Amino acid sequence: MQEIIFHHYAASPFSEKIRVVLGMKGLAWRSVEIPNMMPKPDLMPLTGGYRKTPVMQFGADIYCDTQIIIRELERRFPDSPVVHHGGLSYAMAFWSDRPFFQATVPIIFGELGPMIPEAFKKDREKMFPERPFNYEQMKAATPMFRDQWRAHVAMIADSLAPGCKFLAGNEPTIADAHCHMNIWFLKTTLAAIADGLLKEFPAVSSWYDNVKAIGHGALTAMDSKEALAVAKVAMSTARSVVDPHDPNGRKPGDRVSVMADDYGRDAVVGELVFSNAHEIAIKRNDPAVGDVVVHFPRAGFMVMPA
Ligand SMILES: N[C@@H](CCC(=O)N[C@@H](CS)C(=O)NCC(=O)O)C(=O)O
């Protein structure tokens with residue numbers, strides 16, 4: 001069986017969501033530490049330009065975005081399912097990844113402001129070209145975002161049943177990972193602010209401790225160069241399939257460009273291998289890795305002819 005190779009960094013909340021899923025599923029995985037800003041010289045040959053964190057690799061198959069990573073982990077490891085309410089749990093990811101995340105980020109950066117390195121600010125301005133990285137503005141807006149953050153946590157509080165360890169009972173599910181991510185982000189960067197906001201919700205704090213206790217599965221470090229070498233000798237397991245319902249009549253072999261529709265909109269260009277309502281897989285080549293197939297979710301991504 002191909003090893004799970006996970007490209008991430010410790011402080012990344014989206015990575016933490018996946019680390020928790022790996023823990024829930026009790027999986028062993030290889031951990032490749034990537035930089036928290038560009039350049040990412042050993043990641044770009046794999047993704048073809050997608051620069052966000054995290055990325056998952058199985059041999060010569062590369063998965064970009066937590067949505068498709070979760071789907072692929074469920075597909076490859078069906079004996080320990082964590083997604084029980086299929087479609088709607090992926091809808092819940094949008095809540096965690098967009099409005100809840102966008103309320104968490106300014107609270108953190110507004111507070112850390114002057115401590116943030118210049119290179120990091122410049123990098124994030126490139127990722128959000130329409131928005132300057134202005135921590136004074138973020139700080140000024142913090143009261144509004146604290147209100148938002150509290151409202152999102154209240155939604156979690158209202159979903160916890162007395163006597164249950166997790167949101168759906170005594171076994172963890174993907175809902176726990178989605179709900180945990182932003183609380184983890186605030187707690188690990190600004191514990192006092194998080195604890196102040198959580199005081200009102202003691203049940204959320206107990207639930208949070210239960211999710212934390214799941215751990216991250218069994219990880220062993222891998223050097224980024226080794227990950228490139230794994231891709232180079234592997235062959236993608238993706239098979240070419242025509243999507244009979246593609247609303248735009250795309251077919252295998254078409255050259256397409258895929259990019260996120262929110263931020264970090266770097267386009268990845270390749271030849272379509274297969275696509276369906278949930279996933280698009282494109283083949284590309286890089287001298288460092290040979291042929292690889294890069295997989296993206298459909299919701300939240302744009303596909304254009306290249
Ligand atoms: N929709 C993406 C969002 C990922 C994301 O925004 N990740 C942050 C880090 S947690 C990021 O890429 N930051 C810039 C970087 O790491 O270079 C996903 O679900 O994976």
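Each value in this text was obtained by applying a stated rule to the coordinates, not by laboratory testing. Computed from a prediction, not measured in an experiment: that's the story for all the values here. Methodologically, a virtual Cβ is constructed for each residue, glycine included, from the backbone with ideal geometry; neighbour enumeration extends over all protein chains shown.
Candidates are the residues of segment 228-245 that are buried (at least 17 other Cβ atoms within 10 Å of the Cβ) and closer than 12 Å to Leu272 by Cβ; the one that is nearest to the chain's Cα centre (by Cα) is Ala238. Filtered by the rule that a residue be aliphatic (A, V, I, L, M) and either within 15 Å of the ligand (Cβ to nearest atom) or exposed (fewer than 15 other Cβ atoms within 10 Å of the Cβ) (or both), segment 257-279 gives Val258, Met259, Ala260, Val268, Ala277. Filtered by the rule that a residue be in a loop (DSSP other than H, G, I, E, B) and under 23 Å from Gly86 (Cβ atoms), segment 152-178 gives Asp158, Ser159, Leu160, Ala161, Cys164, Lys165, Leu167, Ala168, Asn170, Glu171, Pro172, Thr173.
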